[in-house]
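Asks: This is the structure I have questions about; it appears just below.
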Ligand code: NAD
C-alpha cells in the first residue's frame, strides 16, 4: 500500500470513529446499559445501570495518579467555561425552569467552575517524632449520590463534580425533574471532555428520566456510599434518615440588618444587588431587611435610588401578597420571576431596569417569614441595633444558613456573628460575596448548615484516614 493509501486510510478511520461517536450520542440504545457500561455519555436508562457504571468507573479511577485527577478537574472547568456553554446553560435553565436571570446564571456557572477548589483542597496532615511518622490523608467514599436543586441546577453539578472527583469519587446525580434537559446536557458535555482527556468512563452519571422514584432508588442503592442533598428541608431530612453518611445543604431565610453606623447608600446598593441576583434564587440571598429606625427612611430612599421599586400603598401591598402567596406559602409559578413581571401582574408599570420590589411590613408578614425566592423583600423597622440582632436571629429560625449586616460598629458586627451562628455571615457587602463573588474565599453551591460541613469542597466528600509508621521515617 502506497503512502497516499495509508493517509486516506487513517483519515477514513478518523471519520468512522467520529461518526460512531456521533451515532452513539443520537442512539441511546446503541451504547446504553450494563452490557457496554458506556451509557450515553453518562446518561443511563435505569438507576441501577447508572450506579453500577459509576462504581466501575470509580474503581478504575483509583488507579490514576493525582496529576491525572488534576487534569480531569481542569477539563471540567474548561468545558463549563466555554463561552457558548455558559450562555447555553444560562438560557436553557431560565427557559426550562422558568426561573432566574440569564446574565446572573452566567456569572454563577462561571464562578462555580473557576472558584471551586480541586485536588489542592486535600491537604495532608502529618506528625513526626520519636515514635515515627503518622499521616492523615483524604480518601474517596466511592460512589456519591448527589441530589441537585432547580434553583442552581448546573452550578451544583459543576461544583459537586469538581469537589467529588477531586476527592477520588464518582458521582451519580439526581437532578430536579424541572431542570432535567439542561442537567443531562451538561453531564454529557462533561463526559465527552473527560473521555477526550482519557479519564475512566462514567465518573459523572445520571438517569434519562429523573424522578422521585429514581432518587429513592439511588439513595437505597448499596453501592452508593455517601449522599449529598442540596435542596429544601424535605430532601435534607430524607437523606439524613437514609442510614448512610449524608451531607444536607438546606434552606435558609437570610436576614440583612442595617444599623445607624452603616454607609447607607452603599448598603442599599449591596442589598439591591444581592437580593435581586438571579431573582433571589440563591439560598444565600437577602430575604428580608431589618433597618434601625434612625436610618430606615434614608435606607428606603436609597433602595429606590439603587433600582428597587417601593410599594407603600396598602391596596397594592395586598394585591402583591395575593399574587405571590397561596395558603400562606409562596406560589411556585412566581418563584424566580423578574420584578418587572411581578409588578406588571398587579397593574404597576415599573421603571425600566427595576430589579427588586421592597415594602415596609410588620414582622409577621409572609414576605418576612417565608423564603420567597422572589425579587420581593419585606423591610422591618426596629428601634435599635440590639433589637435588630434579636429579630434577625428569630427570623433566621435556627436554620444557621446565612446572615448579612451593614455596620461600621465592630462590636455590634461581632455580637451579631456570635449570636446568629450562621454558616455564612457577610459584613458590608452583597450576600453573594459569601459565595466568593466579590468576597474572599472559594466557591460552592452546596452550603451544608444542617450537617456542619459548611461551604463544602473536596475534603467534605472524602474520608479522613490515618496511616502510622512506628519508629521510622521520622528524619528530624
Ligand atoms: P427541592 O427541595 O424541591 O428539591 C431539591 C431536590 O430534591 C430536587 O432534585 C428534587 O427532585 C429532590 N426532592 C425533593 N423532594 C424529594 C423527595 N421527597 N424524594 C426524592 N427527591 C426529592 O428544592 P428546590 O426548589 O429545587 O431548591 C430550592 C431549595 O433548596 C430552597 O429551599 C433553597 O434554600 C435550597 N437550596 C439550598 C442550598 C444550600 O447550599 N444550602 C443550595 C441551593 C438551594
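Asks: Over the alpha-carbon set of the range 93-176, work out the extent along each principal axis and list the three values in angstrom, largest first.
Replies: Principal axes ranked by extent give 63, 24, 12 Å for the Cα atoms.
Asks: In Å, what Kirkwood hydrodynamic radius results for the range 437-476 from the alpha-carbon pair distances?
Replies: Mean inverse Cα-Cα distance, inverted, gives 13.5 Å.
Asks: Among 266-277, 383-394, how do they line up by average Cβ neighbours within 10 Å per residue, starting with the highest?
Replies: The densest-packed peptide leads the list: 266-277, 383-394.
Asks: May I pose another question? Take the Cα gyration tensor of the range 60-202, multiply each eigenvalue by 5, square-root it, and list the three semi-axes largest first, rounded to whole angstrom.
Replies: Semi-axis lengths for the range 60-202 are 32, 15, 14 Å.
Asks: Would you mind classifying the range 155-239 by shape? Square roots of the alpha carbon gyration tensor eigenvalues, ordered a ≥ b ≥ c; an a/c under 1.5 is rounded, otherwise it is prolate if a/b is larger than b/c and oblate if not.
Replies: The shape class here is prolate.
Asks: Rounded to the nearest 5, what % of DSSP beta bridges with both residues in the chain are antiparallel?
Replies: Percent antiparallel among DSSP bridges in the chain is about 30.
Asks: Label the range 285-390 by shape, choosing from rounded, prolate and oblate, from the square roots a ≥ b ≥ c of the eigenvalues of the Cα gyration tensor; if a/c is under 1.5 it is rounded, and otherwise prolate applies when a/b is larger than b/c, oblate when it is not.
Replies: Oblate shape, in that a/c is at least 1.5 and b/c is the bigger or equal ratio.
Asks: List 61, 88, 72 from most exposed to least, where exposure is judged by having the fewest other Cβ atoms within 10 Å.
Replies: In increasing order of surrounding Cβ atoms, one gets 88, 61, 72.
Asks: A further question on this structure: Expressed as a rounded percentage, what relative contact order does the chain have, with Cα pairs under 8 Å and six or more residues apart?
Replies: Relative contact order for the chain comes out at 19 percent.
Asks: Add -39500 (n - 2.57) for each DSSP H run of 4 or more in the chain, then divide by its residues: what number comes out at 222 nm, to the nearest 500 deg cm²/dmol?
Replies: Helix-only estimate at 222 nm: -13500 deg cm²/dmol.
Asks: Between the range 426-457 and the range 395-421, what is the C-alpha centre distance in whole Å?
Replies: What the calculation gives is 15 Å, centre to centre.
Asks: Counting other C-beta atoms within 10 Å, which of 305, 412 has the fewest, and how do the rest follow?
Replies: Lowest to highest Cβ neighbour count: 305, 412.
Asks: Continuing with the same structure: Can you check what the Kirkwood hydrodynamic radius comes to for the range 372-432, Cα pairs only, in Å to one decimal?
Replies: 12.2 Å
Asks: Which of 349, 81 has the fewest other C-beta atoms within 10 Å, and how do the rest follow up to the most?
Replies: Neighbour counts put them in this order, fewest first: 349, 81.
Asks: So if the hydrodynamic radius of the range 305-458 is defined as the Kirkwood radius over C-alpha pairs, what does Stokes-Einstein give as its diffusion coefficient at 10 °C and 1.306 mPa s, in µm² per second?
Replies: Roughly 92 µm²/s, to the nearest whole number.
Asks: Give me the Kirkwood hydrodynamic radius of the range 239-284 in Å, from all C-alpha pairs, to one decimal place?
Replies: 13.4 Å
Asks: Please say if the range 232-346 is rounded, prolate or oblate, where rounded means a/c under 1.5 for a ≥ b ≥ c the square roots of the C-alpha gyration tensor eigenvalues, and otherwise the choice is prolate for a/b larger than b/c and oblate otherwise?
Replies: It comes out oblate by the Cα gyration axes.
Asks: Based on alpha-carbon atoms only, what is the radius of gyration of the chain relative to the globular estimate 2.2 N^0.38 Å?
Replies: Rounded to two decimals, the normalised Rg is 1.08.
Asks: Let me ask another. Just to verify a number: FRET efficiency for residue 472 and residue 394, C-beta to C-beta distance, R0 = 41 Å, to 0.05?
Replies: Once rounded, the FRET efficiency stands at 0.10.
No value in this document is a laboratory result; all are computed from the given coordinates. Small disclaimer: the values here were computed from a predicted structure and weren't measured. Here Cβ is always computed from backbone atoms with ideal geometry, including for glycine, and neighbour counts include all displayed protein chains.
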